[in-house]
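Visitor: Following this message is one structure expressed as C-alpha cells.
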Amino acid sequence: MVYTITQVQLPQQIKNERKCCVWKEVLLAFLFNIPFFTHGVETTNLTSSAHAGHFISSPQNEEISYTSMAMTIAAGVTAPIYCYVIDRFGRKTGIFIISMVQGITLVPHFLLNKNNIYVVQIILHILAGISSGGLFTILPIYIKETSVMRGFCICLMVVMTTVGYLMKMLLVMEVRLYLMVGLVGVQFFSMFLMVESPCYLVMKKKYDAAQRNLSKLKLLAEDDPNISKEISSLKDESDRAKSNGKLSVSTVYRTKIWLDGIKIGFVLYTVNVLCGSILFLDQHKTLMQLKLVADPESTLVLACLLGGSVCCLISITFLDRKYLLTLGYVIITLSTGVLAVYTQAEMAINSLREVPVISLGILVFGYGIAWGLPTLLVVEMYNMEIRATFIGIIYFYSQVIKLAHVHTFKYLEDFVGVYTMFYIFACVNMYGVVYTLFAVPNTKGKSVKQIEKQLRRPKLPA
C-alpha cells in the first residue's frame with residue numbers, strides 16, 4: 001500500500017492570501033495613481049484644467065483660451081500616439097514616457113519662477129496636455145489589465161487628481177514645485193514594482209511571461225489552476241478578436257458589437273465634455289448674482305468635488321458603474337436646473353440666498369461622482385486587442401469636442417445668457433441619464449465576453 005501526501009490549503013490560509021492580495025492591490029493602486037496626483041498639483045500653476053474649466057481661480061483674460069487650446073490640442077494629438085506605443089512596445093513603456101514628460105515639465109515650471117511669462121505658460125500647457133493625454137488613456141488600461149479591484153483602482157484617479165488641486169490651498173508655489181519633484185521620483189521608483197500587463201504579453205503570444213506576471217499579481221504559483229484558467233481566457237479573448245481579420249475601419253463596421261461599443265464611448269465622452277463643467281466649475285461666475293465675498297481659491301467647488309470623488313470611490317465597490325453614472329447625471333441635471341433659475345439676468349436674489357450655493361455644491365458633488373466613470377466603462381467594455389486603439393480614438397474625439405466647446409462657449413454665453421446655458425447643459429445631462437440607463441451594459445465583475453452578450457447585436461464567434 002502506497003500513501004500519497006498531498007498539500008492542501010486550509011480555508012484560513014486561503015483567506016489570509018486573499019486578504020494579502022487585496023492589500024497589495026490597494027497599495028499598488030496608490031502608487032500607480034501618483035501621476036494623477038502630480039497632474040493635480042501641476043494644474044494649480046496653470047490657467048486651465050483637464051475639465052476645460054478654470055476652477056482654481058477665475059482669471060478673466062483672453063490668454064485663457066490660448067492656454068486651454070494648447071493643452072487640449074496636445075492631449076488630443078498625443079493620446080492616439082500613446083495608445084499605439086503601448087500596443088507596440090508595452091504598457092510599462094507608455095507609463096515611463098508619462099513620468100518622463102512630467103519630469104521634463106518641471107524645467108519650465110522652475111524657469112517661470114512666479115513670473116507669468118506668456119511663452120512659458122504656453123509651453124507648460126502643451127507639456128501638461130502631453131502628459132494628460134497619456135494619463136487618462138494608458139493608466140486606466142494598465143490598471144484594468146492588472147487589477148481585480150479595477151473599479152476602485154481606476155476611480156482612485158479622480159480622488160488623487162482632486163487632492164492635487166487642493167494643494168494650492170495648503171502649499172505655496174515653491175513648495176508645490178518641490179513636491180512635484182518628489183512625486184516624479186516616486187513614480188520612477190514605482191516602475192520597479194510594475195510588471196508588464198499579462199494581456200499585452202498574450203497579445204504578443206508570450207504566454208510563459210504572461211503566466212509569470214499573472215502569478216506575481218495574484219500571489220499564486222505559476223502552475224496554479226486559476227492562473228492557467230485565466231491565461232486560457234485571455235487567449236480566447238484574443239483569438240475571438242482576431243477571427244474577423246486585421247483591425248481596420250471595415251472590420252470595425254462589420255463587427256457590430258465593436259461598432260456599438262465605440263458609439264457608447266463617443267456618447268459618454270460627449271456628455272462628459274458638454275455637461276457644463278466649463279461653467280459650474282467657475283464658482284465666481286455661477287454665483288455672481290449673489291454678490292458674495294470673493295473666494296479666489298474656489299473652496300466650495302474643490303471641497304464638493306473631493307466629496308463626490310470619495311463617494312464614487314466608496315460606492316463603486318457595491319454599485320454597478322452604469323447606475324452610479326446615472327445617479328451622477330441625475331444630480332447634475334436637477335442642480336443645473338435650479339441654478340438656471342437663480343442666474344437669470346437682472347434677477348435680484350433677496351431671499352433663499354443659500355439655495356444656489358447649496359445647489360452648486362450638490363452639482364459639483366454629482367460631477368465628482370460622474371466624471372471618471374466613462375473612462376472606467378470604456379476600458380472594461382473593449383476587447384484587449386482593440387482596447388488601446390478605441391480608447392485613443394475616443395479620447396482624440398473628446399478633445400476635438402472640448403476644443404470646439406471652449407472656443408464657442410463665450411459667444412453662446414454672450415448671445416443667450418448664462419441661465420440659458422444652464423438649461424442647455426441640463427438637457428445634455430438628461431440625455432446622459434436616459435442613454436446610460438438603457439444603452440450602457442452592466443460591467444461590474446463581468447468579463448469582456450459577458451459584456452458583449454449584453455449588447456443587442458450578434459456576438460463575436462465563440
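The values are calculated or read from the model by the stated rules, or taken from the named source; none is laboratory data. Bear in mind the structure is a predicted one, so any value in this text is a computation, not a measurement. Counting neighbours? That spans all protein chains shown, and the Cβs are built from the backbone with ideal geometry, glycine included. Accessible surface is based on the protein model in full, side chains and every heavy atom, while ligands, DNA and RNA are left aside. Shrake-Rupley method; radii C 1.70, N 1.55, O 1.52, S 1.80 Å.
Visitor: What are the ³J(HN,Hα) couplings of segment 95-111, residue after residue, when phi is run through the Karplus curve with 6.51, -1.76, 1.60 and θ = phi - 60°? Round to Hz, x for glycine and proline.
Guide: Once rounded to whole Hz, the list reads 5, 4, 5, 4, 4, 5, 5, 5, x, 4, 4, 5, 4, x, 4, 6, 5.
Visitor: Counting pairs of alpha carbon atoms under 8 Å apart in space and at least six apart in sequence, what relative contact order in percent does segment 101-234 give? Write down the numbers at each step before the final one.
Guide: Numbers: 72 pairs, mean separation 27.8, N = 134.
Taking the mean separation of contacting Cα pairs over the length of segment 101-234, I get 21 percent.
Visitor: Report the calculated FRET efficiency for Tyr423 and Phe318 (r = Cβ-Cβ distance, R0 = 30 Å), to the nearest 0.05.
Guide: Computed FRET efficiency for Tyr423 and Phe318: 0.30.
Visitor: In segment 74-176, which trypsin sites (Lys or Arg not before Pro) fall in coil by DSSP and have 16 or fewer other Cβ atoms within 10 Å?
Guide: Passing both the DSSP loop test and the Cβ count: Lys114.
Visitor: OK, next. How large is ³J(HN,Hα) for each residue in segment 384-394, as worked out from phi by the Karplus curve 6.51 cos²θ - 1.76 cosθ + 1.60 (θ = phi - 60°), to whole Hz, x for Gly and Pro?
Guide: Per-residue couplings from phi come out as 5, 6, 10, 4, 5, 4, 5, 5, x, 5, 5 Hz.
Visitor: So, one more: If you count only protein heavy atoms with a 1.4 Å probe, what accessible area per residue comes out for the chain, rounded to a whole Å²?
Guide: Working: 20610 Å² over 462 residues.
Heavy-atom accessible area per residue stands at 45 Å².
Visitor: Same structure again: At what distance in nm do the modelled label points of Met288 and Gln344 sit from each other, each positioned 7 Å from its Cα along Cα→Cβ?
Guide: About 1.8 nm separates the two model spin labels.
Visitor: Here is a further query. With +1 on each Lys and Arg Cβ and -1 on each Asp and Glu Cβ, how big is the dipole of segment 171-229 about its Cα centre, in debye rounded to the nearest 20? Spell out each step's value before the answer.
Guide: Working: 8 positive and 6 negative charges, 39 e Å.
Roughly 180 debye for segment 171-229.
Visitor: Report, in degrees rounded to the nearest 10, the 0 to 90 angle that the Cα long axis of helix 299-315 makes with the longest principal axis of the chain.
Guide: 20
Visitor: With a Förster radius of 60 Å, plug the Cβ-Cβ distance of Val175 and Lys263 into 1/(1 + (r/R0)^6) and report the FRET value to the nearest 0.05.
Guide: On the way: r = 46 Å, r/R0 = 0.76.
Calculated transfer efficiency: 0.85.
Visitor: Specify whether the C-alpha gyration tensor of segment 298-427 places it in the rounded, prolate or oblate class, a ≥ b ≥ c being the square roots of the eigenvalues: rounded for a/c under 1.5, otherwise prolate if a/b is larger than b/c and oblate if not. Working shown, then result.
Guide: Details: a/c = 2.85, a/b = 1.48, b/c = 1.93.
Note, shape of segment 298-427 comes out oblate.
Visitor: Right, here's the next one. Within 10 Å, count the other beta carbons around each residue, average over each peptide in 185-196, 275-286, and list them highest first.
Guide: Values: 185-196: 14.5, 275-286: 23.2.
Averaged packing, sorted descending, gives the order 275-286, 185-196.
Visitor: Note down the nm distance, to one decimal, between modelled labels 7 Å out along Cα→Cβ at Lys206 and at Leu220.
Guide: 2.2
Visitor: Give me the percent of the accessible area of the chain that comes from carbon and sulfur atoms, probe 1.4 Å, all protein chains in place. The partial results should precede the final answer.
Guide: Numbers: 13710 of 20610 Å².
C and S atoms contribute 67 percent here.
Visitor: If you line up the long axis of helix 225-242 against the longest principal axis of the chain, both from Cα atoms, how many degrees apart are they, to the nearest 10?
Guide: Long axis of 225-242 versus the principal axis of the chain: about 70 degrees.
Visitor: Related question: Using a basic spin-label model with each label point 7 Å from the Cα along Cα→Cβ, how many nm lie between Ile104 and Lys453?
Guide: 4.7
Visitor: Taking segment 212-326, how many lysine pairs are there with alpha carbons less than 27 Å apart, if each pair must be eight or more places apart or span two chains?
Guide: Lysine pairs meeting the criterion: 15.
Visitor: Take each of the peptides 35-45, 445-455, average the number of other beta-carbon atoms within 10 Å over its residues, and list them starting from the highest.
Guide: Per-residue Cβ counts within 10 Å, averaged per peptide and sorted highest first, yield 35-45, 445-455.
Visitor: Quick one: angle between helix 256-273 and the longest Cα principal axis of the chain, in degrees between 0 and 90, rounded to 10, please.
Guide: 30
Visitor: Rounded to the nearest 20 Debye, what is the dipole magnitude of the chain about its Cα centre when Lys and Arg each give +1 and Asp and Glu each give -1 at the C-beta?
Guide: Values: 41 positive and 29 negative charges, 306 e Å.
Roughly 1480 debye, rounded to the nearest 20.
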